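One structure below.
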Amino acid sequence: MGSMFRSEEVALVQLLLPTASAYSCVSQLGELGLVEFRDLNESVSAFQRRFVVDVRRCEELEKTFKVQRAGLALAPPEGTLPAPPPRDLLRIQEETDRLAQELRDVRGNQQALRAQLHQLQLHSAMAAVHTEGPFSERTPLLPATRGPHADLKVKVCAVEPYKAAALERLLWRACRGFLIASFRETEGQLEDPVTGEPATWMTFVISYWGEQIGQKIQKITDCFHCHGFPYLEQEEARLRTLQQLQQQSQELQEVLGETERFLSQVLGRVQQLLPPWQVQIRKMKAVYLTLNQCSVNTTHKCLVAEVWCAVRDLPTVQQALQSGSSEEGVSAVAHRIPSQDMPPTLIRTNRFTSSFQGIVDAYGVGRYREVNPAPYTIITFPFLFAVMFGDVGHGLLMFLFALAMVLAENRPAVKAAQNEIWQTFFGGRYLLLLMGLFSIYTGFVYNECFSRATTIFPSGWSVAAMANQSGWSDEYLSQHPILSLDPNVTGVFLQPYPFGIDPIWSLATNHLSFLNSFKMKMSVILGVTHMAFGVFLSIFNHVHFGQAHRLLLETLPELIFLLGLFGYLVFLIVYKWVTVSAAGASSAPSILIHFINMFLFSQNPTNHLLFHGQVPCREVVQYALVVLALATVPILLLGTPLYLLRQHRQRRNTQRRPAGQQDEDSDKLLASPDASTLENSWSPDEEKAGSPGNDAAEFDPSEIFMHQAIHTIEFCLGCISNTASYLRLWALSLAHAQLSEVLWAMVMRIGLGMGREIGVAAVVLVPVFAAFAVLTVAILLVMEGLSAFLHALRLHWVEFQNKFYSGTGYKLSPFTFTVDSD
């Protein structure tokens with residue numbers, strides 16, 4: 001959990017992999033998933049790298065797997081399969097080709113048998129039609145052995161029904177009427193040999209004269225892909241043919257059944273062998289793609305790789321390299337090397353912290369080793385959300401929904417759900433859990449449960465005392481529908497409510513004004529505290545990176561500016577709450593006017609003093625705070641650039657030493673490659689001032705001054721705008737409470753009144769409560785919840801994180817084997 005507060009230390013490691021064991025070593029690293037390889041062959045195209053032939057062979061096998069698995073549902077393999085050794089690639093390829101050829105042969109035989117069976121069934125249907133008679137009434141015109149029609153010829157065919165009308169019209173027009181045609185649909189449906197769907201066919205008989213007409217008919221039927229069959233004039237011959245066709249169809253169906261059973265066996269072997277082969281070939285391809293990023297050292301006959309790796313994982317990586325190269329006799333070597341590049345950011349998360357880390361990373365991946373906002377976001381994000389969403393009932397519904405997802409998180413059906421919206425909610429289940437829990441807490445503070453106040457403790461106000469001491473008569477009560485409780489009257493206000501807001505305020509006409517004042521001031525206090533905490537966290541960044549000048553030139557002036565102005569505003573709010581009593585509420589001063597007068601160095605005579613001795617205090621303390629805040633602006637603007645400019649001049653003078661002395665220092669550095677020497681020498685200041693070894697031309701004072709000017713203007717103006725931005729806590733809390741109140745008044749209150757009048761409360765309340773539940777979930781939970789979530793997200797990204805978090809880094813993307821669940 002320590003790495004959550006700051007990204008882990010990452011080192012650049014050089015790997016010397018013997019050529020014979022390089023594949024095995026990279027395979028071991030892929031199983032661990034701890035290192036990110038750097039591409040040392042960026043100038044070499046992908047087609048010119050060393051292992052491009054092996055990558056192509058793996059890709060060809062993947063194409064073969066896609067052909068074989070067409071239409072099959074493959075289960076993921078059980079257990080973890082290692083990447084196969086290179087010699088197994090030929091065996092897998094031979095077995096795959098043999099299995100693919102066998103599958104093609106069996107499927108080809110199946111298609112051929114289906115086509116033959118379809119042809120036999122169609123011929124049988126034609127023979128049955130001829131025998132049973134749709135064309136028997138045409139027989140006087142067909143057989144003519146003597147007379148003028150001795151050369152009459154007959155053609156029997158079958159065609160798809162949607163082609164029959166066009167075929168008949170074309171035959172009649174092309175042959176000019178020198179034919180007799182009769183069409184009829186088959187009684188039963190025949191299975192299509194290609195699609196396998198049942199379909200009806202149209203059979204027809206054509207009688208014609210002459211060879212030329214016969215040639216035209218033959219060409220036309222061929223164009224329409226008609227199936228032609230021989231015509232038998234004798235009834236006995238047709239019966240014998242029909243019996244033979246039925247017998248052949250039965251025999252062919254048996255053969256087809258055996259073929260399909262054999263095909264199912266082959267497909268069973270494919271389902272058994274293909275999933276592990278797919279995983280192994282993907283891993284092998286990933287290994288070869290990674291080896292293509294390594295450079296070749298022909299002198300030592302090894303491959304050289306550079307990887308980013310967490311320092312705590314170096315022993316594990318070294319052990320994996322030894323395990324992968326143990327069979328070859330020469331062990332792989334891993335040693336740290338210095339780097340001027342910014343290392344990647346590595347923050348390990350679990351199922352609880354991943355959603356909060358995702359919120360931070362959506363703003364930007366943290367710079368290497370800077371403070372990570374995620375641990376603090378675990379508390380602040382649900383709390384600020386709950387300030388805007390405070391309601392016991394709504395928070396309880398959200399909490400129960402998230403709790404159900406948490407309890408069912410290990411069920412396979414829940415994990416395998418493909419709905420995108422469900423995956424979003426499920427990924428943030430722990431975030432929703434805390435958001436609901438904090439909403440219940442703030443709901444108790446606001447004393448709201450579905451917009452209704454709850455009386456957990458006795459009220460601190462006494463109506464009886466007010467009635468006894470004010471002499472409220474029946475006539476007075478009839479003339480004054482609205483009564484006022486005066487806390488200055490003895491016994492009316494007994495004591496503050498133990499927790500939250502007193503429920504009697506829900507009955508008051510000035511309820512909204514009271515809550516507006518309370519929530520607005522609460523938003524300012526929370527906002528200034530949140531921003532000050534962000535500035536305070538920047539101290540840890542400066543201390544860790546050894547930037548003591550930023551503590552004095554940036555963090556200290558920022559704290560003075562923020563706390564001197566807006567911290568004093570918070571002090572005024574709290575002081576007024578503590579000191580102003582009910583007796584002096586009518587003459588209480590306005591904090592807003594007092595705060596404006598503080599900047600104008602003036603006093604409003606109509607605004608009462610907030611505390612005794614305020615005039616000299618204003619002259620000493622308030623003037624000093626404003627002047628001190630204004631004095632920090634030039635320090636923020638010029639302090640850091642001038643310091644960096646001075647450092648740059650000192651480095652430039654240091655680099656002008658004699659060359660011999662520099663060579664001696666270099667020899668000492670190479671002769672003592674200890675852990676401290678090999679650590680990454682990257683520093684955040686190098687992004688602005690350049691590294692110690694860079695040329696003076698890389699230092700641009702104008703860019704540094706411009707960057708610091710933007711930072712100063714953004715911070716000073718942001719303190720004002722960001723403080724005002726936190727008033728969204730008040731606005732959204734008010735909007736949520738009023739929407740909840742409107743929904744209760746327009747649905748439940750009307751329903752309860754109707755049920756009381758009609759006398760059938762159960763019949764009326766069931767649909768009313770159903771409508772209230774649906775609207776509550778749709779509007780108050782989903783829409784209002786999403787709105788509060790987005791505003792809390794903005795407060796963290798803009799108002800909080802920009803005080804200390806740059807978000808200009810990049811994640812460590814380790815080389816690891818991932819199997820897609822197809």
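The values are calculated or read from the model by the stated rules, or taken from the named source; none is laboratory data. Here the structure is a predicted model, which is why all the values come from computation and not from measurement. Neighbour counts are summed over all protein chains in view; Cβ atoms, including those assigned to glycine, are modelled from backbone coordinates with ideal geometry. SASA here: full protein model, heavy atoms, side chains in, ligands and nucleic acids out. Shrake-Rupley method; radii C 1.70, N 1.55, O 1.52, S 1.80 Å.
Mind checking the full-extension length gain between ALA709 and ILE482? Use 0.36 nm per residue of separation minus the Cα-Cα distance, one decimal, nm.
The span from ALA709 to ILE482 would gain 75.9 nm if fully extended.
Sequence gap at least 6, Cα distance under 8 Å: using those rules, report the relative contact order of the chain to the nearest whole percent.
21
First obtain the Kirkwood hydrodynamic radius of the range 272-331 from its Cα pairs, then insert it into the Stokes-Einstein equation at 25 °C and 0.890 mPa s, and state the resulting D in µm² per second as a whole number.
Here the translational diffusion coefficient equals 175 µm²/s.
Going 7 Å from the Cα of PHE540 toward and past its Cβ, which residues in the range 376-390 have a backbone nitrogen under 17 Å from where you end up?
The answer is 376-381, whose backbone nitrogens lie closer than 17 Å to the label point.
Go through TRP461, TRP277 and list them by solvent-accessible area, largest first, probe radius 1.4 Å. Let's see the in-between values first.
Working: TRP461 45, TRP277 15 Å².
Per-residue accessible area, sorted high to low, gives TRP461, TRP277.
Under 15 Å from the Cβ of ALA199, count the other residues' Cβ atoms, weight Lys and Arg +1, Asp and Glu -1, and hand me the total.
Result for the local shell: -4.
What are the GluC sites (Glu not before Pro) within the range 355-455 that DSSP puts in a loop, where the Cβ has at most 14 other Cβ atoms within 10 Å?
Numbers: sites: GLU370, GLU409, GLU420, GLU448; in loops: GLU370, GLU409, GLU448.
Listed in order of number, the matching sites are GLU409.
I'd like to know how the range 153-266 sits against the 2.2 N^0.38 Å rule of thumb: what's its Cα Rg over that expected value?
That works out to 1.30 for the range 153-266.
Rounded to the nearest 500, what is the chain's calculated 222 nm mean residue ellipticity when only DSSP H runs of at least 4 contribute -39500 (n - 2.57) each, over all residues?
-18000 deg cm²/dmol
Take SER484, SER249 and sort them by solvent-accessible surface of the protein heavy atoms, 1.4 Å probe, largest at the top.
Result, largest first: SER484, SER249.
In terms of the Cα gyration tensor, with a ≥ b ≥ c the square roots of its eigenvalues, is the range 536-588 rounded because a/c is under 1.5, prolate because a/b exceeds b/c, or oblate?
Prolate, because a/c is 1.5 or more and a/b exceeds b/c.
What accessible surface, in Å², does a 1.4 Å probe find on ARG56, ignoring ligands, DNA and RNA and rounding to the nearest 10?
Near enough 120 Å² of accessible area.
Check each of the GluC sites (Glu not before Pro) in the range 1-59 and keep only those in coil by DSSP with at most 16 other C-beta atoms within 10 angstrom; list them in order. Walk me through the intermediate numbers first.
Values: sites: GLU8, GLU9, GLU31, GLU36, GLU42, GLU59; in loops: GLU8, GLU9, GLU42.
Hits after loop and neighbour filter: GLU9, GLU42.
How much of CYS223 can a 1.4 Å solvent probe reach, expressed as accessible area in Å² and rounded to 10?
100
In the structure shown, do any of LYS285/LYS811; LYS283/LYS803; LYS63/LYS415; LYS521/LYS803; LYS66/LYS163 have a Cα-Cα gap over 32 Å, and if so which? Working shown, then result.
Details: LYS285/LYS811 24 Å; LYS283/LYS803 44 Å; LYS63/LYS415 29 Å; LYS521/LYS803 22 Å; LYS66/LYS163 37 Å.
Pairs exceeding 32 Å: LYS283/LYS803; LYS66/LYS163.
For SER451, SER264, write out the residues from largest to smallest accessible area, computed with a 1.4 angstrom probe and no ligands counted.
SER264, SER451
Give me the angle, in degrees from 0 to 90, between the Cα long axis of helix 392-407 and the longest principal axis of the Cα atoms of the chain, rounded to the nearest 10.
The angle comes out at about 50 degrees.
What net charge is computed for the residues neighbouring PHE536, neighbours being all others with C-beta under 14 Å from the C-beta of PHE536, Lys and Arg scored +1, Asp and Glu -1? Don't jump to the answer; show the numbers that get you there.
Details: positive: ARG550, LYS803; negative: GLU554, GLU558.
Net charge around PHE536: 0.
Not counting ligands, DNA or RNA, and with a 1.4 Å probe, what is MET754's accessible surface area in Å² rounded to the nearest 10?
Rounded to the nearest 10, that gives 80 Å².
How large is the convex hull of the Cα atoms of the chain per residue, expressed in Å³ as a whole number?
Looking at the chain, the number lands at 334 Å³ per residue.
Give me a comma-separated list of calculated 3J(HN,Hα) values for the range 58-63, in order, Karplus coefficients 6.51, -1.76, 1.60 applied at θ = phi - 60°, integers in Hz, x for any Gly or Pro.
Going residue by residue, I get 5, 5, 5, 5, 4, 5 Hz, with x marking Gly and Pro.
Rounded to the nearest percent, how much of the accessible area of the chain (1.4 Å probe, protein heavy atoms only) is carbon and sulfur?
For the chain, the apolar C and S fraction of the accessible surface comes to 59 percent.
What's the angle, to the nearest 10 degrees (0 to 90), between helix 623-654's Cα axis and the longest principal axis of the chain?
Roughly 60 degrees between the two axes.
If one takes the longest principal axis of the Cα atoms in the chain, at what angle in degrees, from 0 to 90 and to the nearest 10, does the Cα axis of helix 429-446 lie?
Roughly 40 degrees, rounded to the nearest 10.
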